[in-house]
Amino acid sequence: MSSTIDSAEVSKASARLTAGQLVVFPTETVYGLGADARNDQAVRQIYALKGRPLGHPLIVHLASAKQMTAWARAIPAIAWTLADAFWPGPLTLIVPRAHGVSDVITGGQDSVGLRVPAHPVAQALLHEFGGGVAAPSANRYGRVSPTCVAHVHDEFGGATPFVLDGGDCQIGLESTIISVLDAPLLLRPGGVSREALEAIIGPIRIAQAGEGPKAPGMTHMHYAPSTPLRWMATRDLPAVADGTVAVLARRPKPLGFTGHWLEASTDPIQYGHDLYAQLRQLDRVGARTILIESVPQGAAWEAIADRLGRAAATHQNT
Ligand code: TXA
Ligand code: MG
């Protein structure tokens, strides 16, 4: 994460949001593609640039938890408890939407996703802009989220809007999404672990596919490189040269293996930080298949297993 803030750049970005233009900005999870959440025409441009079907709801980013009341009504006590504990940070809360929150943001649902990001550049932008910024991850629909500015250019090329550079994203995986419309429901594991959440509010149910409010990043195939991707138990990883595969494993390349092999971290925090950049790297080598060593079970690996599972499902089903 870059610690220096270029306030002239932040002001330019804020002015663009006010003028109804799109802005790419860093968060501690992944880069976001932002628009003024009160400007439907601006928000529609997000869908157009991403190629995202209308009806997939967007997260509204806020400078602070105090702003929640402008976007949500009948805010349950548990939402304030979670906001106190985890904002600013990688947690998105699904709450009942306030009157006037646009269907373009919510996909026509009666709820809205809210998040206060921690990245200092995002904080500076949100404070200067003052309003809510609707932003999905800054990638084309269904693809791997960007964790640095180069990834954003890979996604949008010459169509890339104004970009605020905040360096490498510290976490590298998207926010955890919790619905508090009813008993807390985990819609997407992410930057805050379920254990950390449960330490504050007790047991959280994990949504089953198709359950709970509509969340395309959850129920659809997502987060995929172009090259077909498969999971593989450690013992099944190839040991000899094979130019048709590209491997991501938590161990060094075996002697005698001359193909593409990236060594991933054995630490889940570092693994999550590196994952999207490594998937992009493996996607570029021209292999026929990306093989990923399956990851350990347990809360610390939950978000990683979720994203890899979806990336693999994308290709099994298309
Ligand atoms: O870390 C993140 O969350 C990043 C950064 C930019 O904040 N954003 C992000 O946005 O990952 P996106 O659009 O790629 O994923 C947001 C997810 C989608 O799966 C969407 O369906 C879900 O949030 N979502 C948004 N509003 C919702 C709502 N009202 N009910 C249920 N799910 C919602
Ligand atoms: Mg996304």
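The values are calculated or read from the model by the stated rules, or taken from the named source; none is laboratory data. None of the values given here were measured: they were computed from a predicted structure. Neighbour counts run over all protein chains shown; Cβ positions are idealised from the backbone, glycine included. With ligands, DNA and RNA removed, areas are computed over all heavy atoms of the protein, side chains included. Shrake-Rupley method; radii C 1.70, N 1.55, O 1.52, S 1.80 Å.
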Enclosed volume per residue, in Å³, of the convex hull spanned by Cα atoms of region 229-316: 86
Applying 1/(1 + (r/R0)^6) with R0 = 41 Å to the Cβ-Cβ distance of Ser7 and Glu263, what FRET efficiency is obtained, to the nearest 0.05? 0.55
Positive end of the charge dipole of region 229-316 (Lys, Arg +1 and Asp, Glu -1 on Cβ, about the Cα centre): tell me which of Phe257, Leu308, Thr244 has its Cα farthest that way. Thr244
Taking only protein heavy atoms and a 1.4 Å probe, what accessible area per residue, in Å², does region 7-206 have with all protein chains in place? 35
In sequence order, calculated HN-Hα J values of region 124-134 (Karplus, 6.51, -1.76, 1.60; Hz; x Gly/Pro): 4, 5, 5, 5, 5, 5, x, x, x, 10, 6
Those residues of region 244-272 whose amide nitrogen sits under 18 Å from the label point placed on Arg288, 7 Å along Cα→Cβ: 244-248, 258-261
Helix axis angle, 77-86 relative to the chain longest principal axis, alpha carbon, degrees: 60
For Val24, list long-range residues whose amide hydrogen, built 1.01 Å from N in the peptide plane, is under 5 Å from its own amide hydrogen. Gly34, Phe162, Val163, Leu164
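Starting from 0.36 nm per residue, how many nanometres of slack lie between Ala199 and Leu255 once their C-alpha separation is accounted for? Before the final figure, lay out each step's value.
Details: separation 56, 0.36 × 56 = 20.16 nm, distance 4.41 nm.
Between Ala199 and Leu255, full extension yields 15.8 nm more.
Calculated FRET efficiency, Ala77 and Gln208, Cβ-Cβ r, R0 25 Å, to nearest 0.05?
Working: r = 26 Å, r/R0 = 1.04.
About 0.45, to the nearest 0.05.
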With DNA, RNA and ligands ignored, accessible area of Thr266 (1.4 Å probe; Å², nearest 10): 100
What number, rounded to the nearest 500 deg cm²/dmol, is the helix-based mean residue ellipticity at 222 nm of the chain, given -39500 (n - 2.57) per DSSP H run of at least four residues and division by all its residues? -9000 deg cm²/dmol
With a 1.4 angstrom probe the carbon and sulfur portion of accessible area for the chain, in percent, totals 52
Using label points projected 7 Å from each Cα along Cα→Cβ, tell me how many nm separate Gln270 and Val240, to one decimal. 3.2
Quick one: which residues, 5+ away or cross-chain, put their amide H under 5 Å from the amide H of Ser111? H built at 1.01 Å from N. Arg97
To the nearest 10 degrees, how steeply does helix 40-50 sit against the main Cα axis of the chain, on a 0 to 90 scale? 0
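Counting heavy atoms of the protein chains only and a 1.4 Å probe, report the per residue accessible area for region 229-316 as a whole number of Å².
Values: 4160 Å² over 88 residues.
Per residue, region 229-316 has an accessible area of 47 Å².
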Put a dot 7 Å past each Cα toward the Cβ at Ala98 and Ala19; how far apart are the dots in nm? 2.8
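As a test of understanding, state the convex hull volume per residue of the chain from its alpha carbons, in Å³. Each step should come with its number before you reach the end.
Numbers: hull volume 40.3 nm³, N = 318.
Measuring per residue, one finds 127 Å³ for the Cα hull of the chain.
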If each part is reduced to its alpha-carbon centroid, region 39-109 and region 145-176 end up apart, in Å, by 20
Starting at the first residue of region 102-109, write each ³J(HN,Hα) from the Karplus equation 6.51 cos²θ - 1.76 cosθ + 1.60 with θ = phi - 60°, in whole Hz, x for Gly and Pro. 5, 4, 5, 7, 8, x, x, 7
How many angstrom lie between the C-alpha centres of region 1-37 and region 256-318? 29
